[in-house]
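Below: one structure, written as structure tokens.
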Amino acid sequence: MLPKNRRIPRKMFPFLSNGAKTFKNKLFLLRFVLKERPSHFCFSISKKVARNAVTRNKMRRAGYRLLKKYLSEIKPEVIALFSYRVIPKDDEEIIKNLESILKDSKLTK
């Protein structure tokens, strides 16, 4: 799990709706903005994707846990929202799609 100071608080969500760059792959929709503040990240799962709250929480926690491996490679000053589009089969699928979307969006150094 990411430390609380690296997660996006509610008051930062408007930054992501106005002028955010968007990228999609099979598993994620990524919206991000480059701001002059420390990097913050968020994972969200719609009720349309996973009806059960337990499933949504497991997916969110898995996303934070696996993103932690890439923090050193991600550019500083990024506010990013990862939104799940489908339920992943396993952690390997999340890792593969996370790597791919970070490369496509050029967020890695």
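Every read-out reported here was derived from the displayed coordinates using simple, explicitly stated rules and does not represent laboratory data. Please read these numbers as outputs of a predicted model, since none were measured by experiment. Cβ coordinates were reconstructed from backbone atoms using ideal geometry, including for glycine residues, and neighbour counts include every protein chain displayed.
Somewhere in the range 71-85, is a residue more than 26 Å from residue 109 (Cβ to Cβ) and of a type in the set (A, V, I, L, M, F, W, C)? Scanning the range 71-85, I find no residue that is more than 26 Å from residue 109 (Cβ to Cβ) and of a type in the set (A, V, I, L, M, F, W, C), so the answer is no.
Among the residues of the range 34-56, at least one is of a type in the set (Lys, Arg) and in contact with an Asp or Glu (Cβ under 9 Å, 6 or more places away or on another chain). Scanning the range 39-79 for residues that are surrounded by 19 or more Cβ atoms within 10 Å (Cβ to Cβ) and in contact (Cβ under 8 Å) with a residue 60 or more places away in the chain yields 67, 79.
Which of the residues belonging to the range 21-44 are out of contact with any helix residue (DSSP H, G or I) (no Cβ under 7 Å at 6 or more places or on another chain) and closer than 20 Å to residue 57 by Cα?
29, 42, 44
Can you find a residue in the range 7-20 that is in contact with a helix residue (DSSP H, G or I) (Cβ under 9 Å, 6 or more places away or on another chain) and either among the charged types (D, E, K, R) or on the phi < 0 side of the Ramachandran plot (or both)? Scanning the range 7-20 turns up at least one residue that is in contact with a helix residue (DSSP H, G or I) (Cβ under 9 Å, 6 or more places away or on another chain) and either among the charged types (D, E, K, R) or on the phi < 0 side of the Ramachandran plot (or both). Looking only at residues of the range 7-50 that are of a type in the set (D, E, K, R) and assigned to a strand (DSSP E or B), we find that the one that is nearest to the chain's Cα centre (by Cα) is 31.
Contact map, the range 6-27: residues that are among the small types (Gly, Ala, Ser) paired with residues that are surrounded by 12 or more Cβ atoms within 10 Å (Cβ to Cβ), Cβ distance under 8 Å, separation 6+ or inter-chain. Pairs shown: 19/33; 20/31; 20/32; 20/33; 20/81.
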